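Working notes for the structure below.
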Amino acid sequence: MPTGLFALALGAFGIGLTEFGIVGLLPQVAAEFNISEQMAGYLVSGYAVSVAIGAVLLTSLMIHMERRLTLMLLSGLFIIGNLISALSVSYDTLLFGRIVAALCHGAFFSIGAVVASDMVEGDKKGAAISLMFAGLTVSNIVGVPLGTFVGLEMGWRTIFWVLAFIGVVTMVGIRTLIPAMPAHQDTNLSREFAVFNRPQVWISALLSVLSFGGVIGGFTYIAFTLTQVSGFTAQTVPWLLVLFGVGTFVGNIYGGKAADKSLNKSLGIILMLLTVIMAAFALFAQSQFMTVILLLLMGTVGLATAPGLQLRMMKYASDAPTVASGTNIAAFNIGNALGAWLGGMALDKGYGFVSPLWVGAALSLVALVVVILGGINSGLKTSRVQG
């Protein structure tokens, strides 16, 4: 594999760590700035909203730019955002830094996937894209728990200094290891945006919003649940997050295999299981033994939806890969924002530290209904065409 793919993987690792690395540190941030749990959660939901905007806006603006230069500019935006966060002396400044860093997220993955694909021969394109996205997976397994540990030991700002350094190394790696790549001049945005006339594209986007909203609704405030309900110490939280990360890795693999066999059926089963697991977590969070088991299962089942959701979007928008990719990334992060916002609202209303898990269960249940109705609608249209 070309060495340039490792620069892309490092960038993916940094972006993944930026998004969720702060989750385990929210109690410390809330205490320093004297803000509520809901306000602390906006550091996750605000990031997600910015990702959704950047995924469509920056991808569209940069679609005709030279690819290597584009990735370097996006890396620069990533560095600036994390430096602002590292130097923040107020909550508003920290939130602004998060928003700036998030703008590069969607475009980096959309354009990076195209670059990774173009760097190898036809029969290795899937493996090349997988190598890039492996950075994101590793950030969930190792990066987020390690970032939480470093933040607890050395102060939460340390993680943003580390992220800025990762951004610099990524930019240098892209410049030195990836060849200049002209944009695909035959890309027609107006043609690609025409896919929004298809109801199944909107159904796919809605599923991504609800599915990821369900998982992130509970995960954003998991540090509060683990320490205030389950009775774990703050120093234990990074090790517990490793369980969640391992679960996401396993779920991503088996979710993809299940989606290849039966797309809508696998999504339906996964969402049903996710609803049950998150409800069970809310009910048994006071038991440390059950918390450990259910946290692992939440990561495994929650992220098992990702390959199927991506496949579903591509199925109904295969002729518009740029917009389809950007739209799904935007939908994932709108879901992240929705889940974090609703979970924070439940906390603010005084429903307790397990209430975000109930929010996640509710969103997962709605997603299950949508996937069933969406499958029926798709089947009816197919029957009419055949008739």
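Going by what's in this entry, would residue 95 be described as under 18 Å from residue 166 (Cα atoms), in a helix (DSSP H, G or I) and at pLDDT 90 or above?
Details: under 18 Å from residue 166 (Cα atoms): no; in a helix (DSSP H, G or I): yes; at pLDDT 90 or above: yes.
Answer is no for this residue.
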Count of region 149-179 residues which are of a type in the set (A, V, I, L, M, F, W, C) and not in a helix (DSSP H, G or I):
2
In this structure, does residue 283 turn out to be at pLDDT 85 or above and more than 30 Å from residue 233 (Cα to Cα)?
no
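Can we say residue 272 is touching a residue at least 24 places away in the same chain (Cβ under 8 Å) and crowded, with 23+ Cβ neighbours inside 10 Å? Before the answer, list the steps.
On the way: touching a residue at least 24 places away in the same chain (Cβ under 8 Å): yes; crowded, with 23+ Cβ neighbours inside 10 Å: no.
No: the conditions fail for residue 272.
So, in region 101-148, of the ones that are part of a helix (DSSP H, G or I) and charged (D, E, K, R), which residue ends up modelled with the lowest pLDDT?
Residues of region 101-148 that are part of a helix (DSSP H, G or I), as a first pass: 101-118, 122-148.
Among the residues that remain, those that are also charged (D, E, K, R) are: 118, 123-125.
Values: 118: 80, 123: 64, 124: 70, 125: 71.
Step by step, filter region 101-148, then rank; the result is 123.
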I'd like to check something: does region 75-83 contain any residue that is buried (at least 24 other Cβ atoms within 10 Å of the Cβ) and of a type in the set (Gly, Ala, Ser)?
yes
Is it the case that region 358-378 has a residue that's surrounded by fewer than 23 Cβ atoms within 10 Å (Cβ to Cβ), modelled with pLDDT under 90 and hydroxyl-bearing (Ser, Thr, Tyr)?
yes
If you go through region 250-267 one residue at a time, do you hit one that is polar (S, T, N, Q), farther than 21 Å from residue 335 by Cα and either under 17 Å from the mean Cα position of the chain (by Cα) or outside the structural domain of residue 52 (by TED's automatic domain parsing) (or both)?
yes
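In the list 147, 173, 155, which residue meets the criterion of being surrounded by 19 or more Cβ atoms within 10 Å (Cβ to Cβ), of a type outside the set (A, V, I, L, M) and over 22 Å from the mean Cα position of the chain (by Cα)?
173 is the lone residue from the list that is surrounded by 19 or more Cβ atoms within 10 Å (Cβ to Cβ), of a type outside the set (A, V, I, L, M) and over 22 Å from the mean Cα position of the chain (by Cα).
Can we say residue 68 is part of a helix (DSSP H, G or I), more than 18 Å from the chain's Cα centre (by Cα) and not assigned by TED's automatic domain parsing to the domain that holds residue 248? Lay out the reasoning, then the answer.
Numbers: part of a helix (DSSP H, G or I): yes; more than 18 Å from the chain's Cα centre (by Cα): yes; not assigned by TED's automatic domain parsing to the domain that holds residue 248: yes.
It is true that residue 68 is part of a helix (DSSP H, G or I), more than 18 Å from the chain's Cα centre (by Cα) and not assigned by TED's automatic domain parsing to the domain that holds residue 248.
Take residue 287 and decide whether it is in contact (Cβ under 8 Å) with a residue 40 or more places away in the chain and under 20 Å from the mean Cα position of the chain (by Cα). Full working, then the answer.
Details: in contact (Cβ under 8 Å) with a residue 40 or more places away in the chain: yes; under 20 Å from the mean Cα position of the chain (by Cα): no.
Considered against the rule, which asks whether it is in contact (Cβ under 8 Å) with a residue 40 or more places away in the chain and under 20 Å from the mean Cα position of the chain (by Cα), residue 287 comes out as no.
The values are calculated or read from the model by the stated rules, or taken from the named source; none is laboratory data. Everything numeric here is computed off the predicted structure, so don't read it as measured data. Using ideal geometry, Cβ is built from the backbone for each residue, glycine included, and neighbour counts are taken over all protein chains shown.
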